[in-house]
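First the structure, in the form of structure tokens, and then the observations on it.
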């Protein structure tokens, strides 16, 4: 019976009894998450901008490599949708 008589810690929030309170709490949590995500995205963009300014040719090479990989994947996906052909038929 001692367990049932103990009080909850003071830092535990009460369960909201009205839907408006629940909505307000969810809205505040989402606003904090969006603000945090926005700050992280801005920091990542600023970092990428600094790196491109310091190493422009590296950025060009990385962009070229990513473009080539993407192009190969698109070509493979387009080729997979066609009827399979024999090895010699591909070269005719």
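Full extension of the segment from residue 47 to residue 30, taken as 0.36 nm per residue of separation minus the current Cα-Cα distance, would add 3.6 nm.
Per residue, what volume in Å³ does the convex hull of the Cα atoms of region 15-82 enclose?
On the way: hull volume 9.3 nm³, N = 68.
Cα-based convex hull of region 15-82, divided per residue, equals 137 Å³.
Extending 7 Å from Cα along the Cβ direction at residue 58 and again at residue 37 yields two label points whose distance is 3.0 nm.
Just so you know, all these numbers are worked out from the coordinates, no wet-lab data involved. Just so you know, these numbers come straight off a predicted model, no measurement behind them. Cβ sites come from the backbone with ideal geometry, for glycine too, and all protein chains shown count toward neighbours.
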